[in-house]
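*Asks:* Would you mind keeping the following structure in view while I ask a few things?
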Amino acid sequence: IHEVYQPKMEPIDLCQVLPTSFNFRQSKRFTLVTFPSPLPIFMTDPQLIKFIHGNAISNACKYGRKEGVVLTEVHYLNDRGVIQIIVINFPGEDYDEIIAKGQTAEEMVFAPRERLHSNVNS
């Protein structure tokens, strides 16, 4: 997001929102797992969540194993009030080449997870 963005907060079910960010429902390639299951309803911006998740899925497809399964894990850490959305794919054929280019290339492709803070309505 390149401009100043004003989130539009609303109660959402992540299990309904995340699959719309990258055509989950139309492919067996994409899997969504939640901890706990079911998740509570979160007060957050669904468009922002879809944008961030869609970008992570795109990177997993671009840099991961071709046609490999892409797993999205959503962890709600109730004691800390934190949602973690982790997208996982096995390394692709160019993985070793990216790593060989050094720390800067590795950081650009494999940036660490970001935490999204949200209000929870249970």
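*Asks:* So how far apart, in nm, are the two label points at residue 94 and residue 5 if each is 7 Å from Cα heading toward Cβ?
*Replies:* Computed distance between label sites residue 94 and residue 5 equals 2.4 nm.
*Asks:* Please quote Rg/Rh for the stretch 5-106 to two decimal places, taking the Kirkwood radius as Rh and restricting both calculations to Cα atoms. Present the calculation step by step, with values, prior to reporting the outcome.
*Replies:* Details: Rg = 15.1 Å, Rh = 14.9 Å.
Reported Rg/Rh (Cα atoms, Kirkwood Rh): 1.02.
*Asks:* For the stretch 1-100, what does the relative contact order come out to in percent, with C-alpha contacts under 8 Å and a separation of six or more? Don't jump to the answer; show the numbers that get you there.
*Replies:* Working: 139 pairs, mean separation 27.5, N = 100.
Computed over the stretch 1-100, the figure is 27 percent.
*Asks:* So which lysines can residue 62 reach, going by Cα to Cα under 20 Å and dropping same-chain residues fewer than 8 places off?
*Replies:* Once the sequence-local lysines are set aside, what remains near residue 62 is 28, 50, 101.
*Asks:* Considering only protein heavy atoms and a probe of 1.4 Å, how much of the accessible area of the stretch 1-80 is carbon and sulfur, as a whole percent?
*Replies:* Values: 2740 of 5100 Å².
Carbon and sulfur together cover 54 percent of it.
The values are calculated or read from the model by the stated rules, or taken from the named source; none is laboratory data. Keep in mind the model is a prediction, meaning the values are calculated, not measured. Note that we place each Cβ from the backbone using ideal geometry, even for glycine, and neighbour counts take in every protein chain shown. Each accessible area value is taken on the protein alone, full model and side chains, heavy atoms only, with ligands, DNA and RNA left out. Shrake-Rupley method; radii C 1.70, N 1.55, O 1.52, S 1.80 Å.
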